[in-house]
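All of the numbers you see were taken from the coordinates with simple rules; none came from a lab. Computed from a predicted model, the values in this text were never measured in an experiment.
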Amino acid sequence: ADGVEFRFEVEVPVRHGDAVWTTDAACYVIQQLSEPVLEITLDSRPDASAVLGWIVGNLHFVIEAQLTRLLAPDDPALRQSLDRLGIAYRATTEIFQPHRLAAAVAHSHAPTLASGHPFIRPAHRPEG
């Protein structure tokens, strides 16, 4: 770290290890910080992996899918769902790089907040 500050817009997301600026004297590389994640070993049975995908997707969490494991944000709601279904996981801290097409949409499932849900709009009621 040489104290150089950068401010720039990017056309595509940058990821851990990407070079953002190179000069004759230096190469500036993104160094992402590790964060708390849940590591879930993928079962070789397609039905088990489908259930896992449904659980994580139903909670609207982004994932990093790898050949033998899935990483997801360490969240109490996800832990509770996995515990309830007896799916083993390991809490760890790693560089988390969700799939580039993943869209993180934070919202509540509380019925009283339906109008605040990003995919639900209040019904149009004609006047009069």
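Estimated at 0.36 nm per residue, the fully extended path between residue 84 and residue 65 surpasses their Cα-Cα distance by 4.6 nm.
What is the gain in length, in nm to one decimal, between residue 94 and residue 5 on full extension, counting 0.36 nm per residue of separation less the C-alpha to C-alpha distance?
29.5 nm
Using C-alpha pairs below 8 Å separated by at least 6 residues, the relative contact order for the range 12-91 is 29 percent. Stretching residue 48 away from residue 34 to a fully extended chain increases their span by 2.2 nm, per 0.36 nm per residue minus the current alpha-carbon distance.
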